[in-house]
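*Asks:* Just passing along the structure, written as structure tokens.
The values are calculated or read from the model by the stated rules, or taken from the named source; none is laboratory data. In this text, all values refer to a predicted model and were calculated from it rather than measured experimentally. For neighbour counting, all protein chains shown are included, and Cβ atoms are generated from backbone atoms with ideal geometry for every residue, glycine included. These area figures cover heavy atoms from the full protein model, side chains too; ligands, DNA and RNA do not enter into them. Shrake-Rupley method; radii C 1.70, N 1.55, O 1.52, S 1.80 Å.
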Amino acid sequence: MREMATVLLVDDDPGMVDTAAAFVERASDDVTVTTATNPNAALDLFEELDVDCIVSDYNMPGMDGLALFEAITEREPGTPFVLFTGKGSEEVASEAISLGVTDYLQKETGTEQYEVLANRIENAIEARHAERQLERSEERYQHLVESSPAGVVITSLDDSIVYANEAAASFIGADGPEALHGLSTLDLVHPEDEATLRERWAGSRQSESREPIEQRFVGFDGETRHAVVASTPITYEGEPAVQSVLTDVTEHREREHELERYETVMEVAPVGVFVLDAEGTITWCNERATALVGHTAAELTGDPFVSLIEEGIVPEAAISKYRAVLRDLLSASSDRTTGQYTIPIAHPERDERVLRIHVSLLPSDGEFRGAVLVGQDVTERNRYESALERERDRLSALFENVSDAVFRYEFEAAGEAGRIRAVNPAFESVFGYDEHEVVGERIAQTIVPADRLAEYEDVVARAGTGDLVNVAVECETATGRRTFLLRNASMTETAEDGRVAGYAILTDITERREDKRDLQRERNTLAALFENIPDPVYRHDLDDDVLVPKEVNPAFEEVFGYEPECVLDRPVTETIVPADRVEKHRQLVAASKSGASLDAEVERLTATGRRTFLLRNVPISGPDEESPEGSQYAIYTDITPQKRRERVLLDLHDRTREMMGAEGPAAVASIAMDATEDLLDRSVAGLWLYDEDTGTLRPAALTDDEGTAVEALPTYGSGDGRPWEVFETGDAYSYDADDTDDCRSETPVQSGMVLPLGEYGVMNVGTTTPGEFDETDEALTRLLATTVEAALERAEREHERAARKRLLERQNDQLEAFASVLSHDLRSPLAVASGRLELLETETDSEHTRPIADALDRMDTLIEECLTFARQGQIVTDSTRVDVEATAERAWRTVETGGTELTVEDLDPVEADDDRLRTLFENLFRNAIEHGDATAVRVGPLDDAPGFYVADDGSGIPESEREAVFERGYSTNEAGTGLGLAIVDTLAEAHGWEVTVADGTAGARFEVNFSPEAPLPTPR
């Protein structure tokens, strides 16, 4: 005992308690004794004092010694308690021992017992101290184990866990230590480490300590954990056990693996890595770094970095840039951890490259230990950035100059509506808004109609995530709502706060949408047209150059006479194309496939026989479900009647030439009957001509299969039957079956027509079949009748013209004879007189010779004028196309015009005798200059009739004399013959023209009226 111990001595005998106290203190120097004479007092003292041991008598009033022991044990278990009793009963001793009394000593006589008691007290106190020290040690150990960061597991010899601390439970991923109790360590160890664990447990059970070893465990979460395990045999709760301490090295192993991965990454990284020490020596480099500078790692490691400068691989400027970055990183005022610079490097065997060097300091404790240089090859990136910059410039120019409206948008945050950040000039033009009106404004409040916000939000949801949009939208412009095709171009970069930006491209498709609606209406119209068009139509596909109908309209069924199932889905070459027209059909199909528009005559088979059609194709735009690509409409127009008309008209044209060249009505009538029979396919026809002498319609020609003679046909008089009514009224009459009696025909005519031939008669055309005359037949028959009438009229006119021509030729012969008289019979005596006058003038000088000479000259002029008058008065029978302007100008050049000016306006050519027309102009020009004193003459066309005028600005012609100016002998000049204008009138009349003096003009104006087809004048 190293400290003074307090002993409480309890005995109800005061003398005994004091004696015992004195002897015990004497026997032991390490105790001090306090006494109590009853148990209650003893309990009070126990509460007050720090009692190390109690010595108590057994028999005491109120409470015996064992009861006191129990009371003390309740207050402080383990307190040493020595039962010092005079009652030496084995029963008491046994009970005391069973209750846990520390020692039992029976009182005896003599003082030696007190030495034994003191010894027993010291032993009890010593044992108690040792026990308390052990408890405190165990408590400290328990606390150490519980609070240890290392996992502690105690297992029994059967490998069952009997204890685990919180660290062990946390390491293995259990909810608490209790979750591990009862488990085997083999339940927790990694399967690959079970054999090692079994070996270690065997050694531990043999009381052998094992060196720590790293093992893998599988936690409750299935994850693998690493721990260093140290196992030691112990005694736990009195039983042999094994204590294992688990040091968690999972994170350490992960860091090692990460380091290994990092080293691997550094080796294969696409960047060059150099590690330099404080002196700039290369201590490590990866493979990429060696490739950049053209050296191996062995060659570089240990060499100063400047050796690369000396070799010319790295530029000298790299040193100054490296030092500048180091100064910045090592500066106390800088919080940067990395720096960078760019240098070119020259590989010994490759093109120059550009490196961006990133510099980071090596970890240190305040002292500079070196740096890591990461070289990134940015050669291609620089080229790309240059190209990108050029592309941005191009896009900027495109943004400014594109014809579509474009605006740049930005979504500031998720869920927020976008704003307009920029617009191009086309946007301002298309939308009608100035840039300052819309930039910065919300899209929804600027160009989105209120009833389209839901659609806009859907577009925003797609564009906000960077998706591409291609939809039709409606937008509000300054001039109203329009439709646009919206496409977006999302920008590849977004802000760090998640904003999404891009471009919205708006193509105005308002008209296109309207066109689409118009197209739909057109398709509806076409569908209705397909059903109701009177021409046969079918829709077909082209399958390997074979035309296959897919749909027919009602008109096809009606005209062709086939049910739809007979032609649908079958090649037309098997149904409606004649065998001898297949090759032409294939040519048309080829042309149609090449995109040509067809407009061809074709022959097709119908249920009633072969007919002629006009075929046209209409390509269908397609493709859609109803009109696949390659489909077309084939439209057939039945032109069989038309082709018949064309053939008849062509033949009728030839017959018309024959009739127009026929001599006399009888020949015309004969040709007409042939045409009726050959062209109109009518075997029953007759022609009646009007006879002026009898006033009746007499038969002139007949077609009859039975050879009926013309003389057998009836003659019609006034009011005599239908033919006379048609002749008299000029209205054609059609009849059928029962009406044939009206024509007083004895032939079995069932249907036909009676047609007027003007003033020349009628033509009766019929057939023996009722209802044979259709509209085409009637039209052709009417045309033939009109042609016959014209031919009869021409025959009559030619007859009259021939008679008139013969009369005119006789008149011309008479005039020519008269001219011969003037030319020969009168000129000869005049020539004799003139000769004699010249002889007389040489022999005598008489005052009478001059008047005789003048008289002879006048006679010569009169003879010349009369000769001209006689010859120019002959009727023009042979004319040519004459240029009136040129003839007028030639005539002007043959006249003495003096200072008079001529103006000729545009004049049309005319059929005339060129010499006589020039003479007409010469006489009018002389009249204007010699009789009217004109200074200007104008020739021009008439305003209201074919012809020309000759006007002057001279003295004019008095209104009272305008009727007489064309009479022979009229002259305002005493020396004139009076035949000039008479010759003009005669020349005009010889051409069938008329010349007059215009009224109400200043000067004289002569107007010549003519017609290109003017009839010959009636001879006088």
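*Asks:* Do we find a residue being hydrophobic (A, V, I, L, M, F, W, C) and within 16 Å of Ile635 (Cα to Cα) anywhere in the range 533-540?
*Replies:* Within the range 533-540, one or more residues are hydrophobic (A, V, I, L, M, F, W, C) and within 16 Å of Ile635 (Cα to Cα).
*Asks:* Ok, one more. If Ile576 meets every condition in (1) in a helix (DSSP H, G or I); (2) more than 15 Å from Tyr633 (Cβ to Cβ); (3) touching a strand residue (DSSP E or B) at 6+ places or on another chain (Cβ under 9 Å); (4) open to solvent by less than 60 Å² (accessible area, probe 1.4 Å) apart from one, which number is that one?
*Replies:* (1)
*Asks:* Given Tyr322, Tyr341, which one is in contact with a Lys or Arg (Cβ under 7 Å, 6 or more places away or on another chain) and modelled with pLDDT of 90 or more?
*Replies:* Being in contact with a Lys or Arg (Cβ under 7 Å, 6 or more places away or on another chain) and modelled with pLDDT of 90 or more holds for just one of Tyr322, Tyr341, which is Tyr341.
*Asks:* Sort out which residues of the range 924-960 are among the charged types (D, E, K, R) and open to solvent by less than 20 Å² (accessible area, probe 1.4 Å), and write them in order of number.
*Replies:* Answer for the range 924-960, where residues must be among the charged types (D, E, K, R) and open to solvent by less than 20 Å² (accessible area, probe 1.4 Å): just Asp952.
*Asks:* Out of all the residues in the range 357-374, which are touching a helix residue (DSSP H, G or I) at 6+ places or on another chain (Cβ under 7 Å), open to solvent by 10 Å² or more (accessible area, probe 1.4 Å) and in a strand (DSSP E or B)?
*Replies:* The answer is Leu361, and nothing else.
*Asks:* OK, next. Applying the selection to the range 558-568, what residues are over 43 Å from the mean Cα position of the chain (by Cα), in a loop (DSSP other than H, G, I, E, B) and not hydroxyl-bearing (Ser, Thr, Tyr)?
*Replies:* Matches in the range 558-568: Gly561, Glu563.
*Asks:* Of everything in the range 194-217 that's assigned to a strand (DSSP E or B) and open to solvent by less than 60 Å² (accessible area, probe 1.4 Å), which residue is modelled with the lowest pLDDT?
*Replies:* Selected residue: Ile213.
*Asks:* Moving on to the next point. Regarding Pro571, is this residue more than 38 Å from the chain's Cα centre (by Cα) and either under 23 Å from Pro619 (Cβ atoms) or surrounded by fewer than 19 Cβ atoms within 10 Å (Cβ to Cβ) (or both)? Walk me through it before giving the result.
*Replies:* Numbers: more than 38 Å from the chain's Cα centre (by Cα): no; either under 23 Å from Pro619 (Cβ atoms) or surrounded by fewer than 19 Cβ atoms within 10 Å (Cβ to Cβ) (or both): yes.
In short, no.
*Asks:* Looking only at the range 60-83, count every residue that is in contact with a strand residue (DSSP E or B) (Cβ under 7 Å, 6 or more places away or on another chain) and part of a loop (DSSP other than H, G, I, E, B) and tell me the total.
*Replies:* So the answer is 2.
*Asks:* State all residues of the range 887-899 that are hydrophobic (A, V, I, L, M, F, W, C) and open to solvent by less than 30 Å² (accessible area, probe 1.4 Å); if no residue qualifies, say none.
*Replies:* Ala888, Ala891, Val895
*Asks:* Moving to a separate point now. How many residues are modelled with pLDDT under 85 and under 60 Å from the mean Cα position of the chain (by Cα) if we restrict to the range 218-247?
*Replies:* 0
*Asks:* Got at least one residue in the range 262-270 being in contact with a strand residue (DSSP E or B) (Cβ under 7 Å, 6 or more places away or on another chain), hydroxyl-bearing (Ser, Thr, Tyr) and surrounded by 12 or more Cβ atoms within 10 Å (Cβ to Cβ)? Walk me through it before giving the result.
*Replies:* So the first thing to find is which residues in the range 262-270 are in contact with a strand residue (DSSP E or B) (Cβ under 7 Å, 6 or more places away or on another chain), and the list is 266.
Next, from what is left, pick out any that are hydroxyl-bearing (Ser, Thr, Tyr): none.
No: zero hits.
*Asks:* Which numbered condition in (1) outside any loop (DSSP other than H, G, I, E, B); (2) open to solvent by less than 30 Å² (accessible area, probe 1.4 Å) is the only one that Arg586 fails?
*Replies:* Among (1) outside any loop (DSSP other than H, G, I, E, B); (2) open to solvent by less than 30 Å² (accessible area, probe 1.4 Å), the lone unmet condition for Arg586 is (2).
*Asks:* Which residues, counting only those in the range 153-168, are assigned to a helix (DSSP H, G or I) and hydrophobic (A, V, I, L, M, F, W, C)?
*Replies:* If the condition is that a residue be assigned to a helix (DSSP H, G or I) and hydrophobic (A, V, I, L, M, F, W, C), then Ala167, Ala168 are the ones that fit.
*Asks:* In addition: Give me the residue from the range 306-323 that is aliphatic (A, V, I, L, M) and in a helix (DSSP H, G or I) and, out of that set, surrounded by the fewest Cβ atoms within 10 Å (Cβ to Cβ).
*Replies:* Taking the range 306-323 and keeping what is aliphatic (A, V, I, L, M), we get 306, 308-309, 313-314, 317-319.
Adding the requirement that they be in a helix (DSSP H, G or I) leaves 306, 308-309, 317-319.
Values: Val306: 15, Leu308: 22, Ile309: 15, Ala317: 12, Ala318: 22, Ile319: 14.
Selected residue: Ala317.
*Asks:* Can you tell me which residue within the range 1-44, out of those that are assigned to a helix (DSSP H, G or I) and among the polar types (S, T, N, Q), is farthest from Arg128 (Cα to Cα)?
*Replies:* Among residues in the range 1-44 that are assigned to a helix (DSSP H, G or I) and among the polar types (S, T, N, Q), the one farthest from Arg128 (Cα to Cα) is Thr19.
*Asks:* Could I ask something else about it? Test Val762 against the stated conditions and say whether it is at pLDDT 85 or above, in a strand (DSSP E or B) and either in contact with a helix residue (DSSP H, G or I) (Cβ under 7 Å, 6 or more places away or on another chain) or more than 23 Å from Ser718 (Cβ to Cβ) (or both).
*Replies:* Taking the combined requirement at face value, the residue satisfies it.
*Asks:* Then there is this: Spot the failing condition for Thr337; the list is (1) open to solvent by less than 100 Å² (accessible area, probe 1.4 Å); (2) touching a Leu at 6+ places or on another chain (Cβ under 9 Å); (3) among the β-branched types (Val, Ile, Thr), and only one is missed.
*Replies:* (1)
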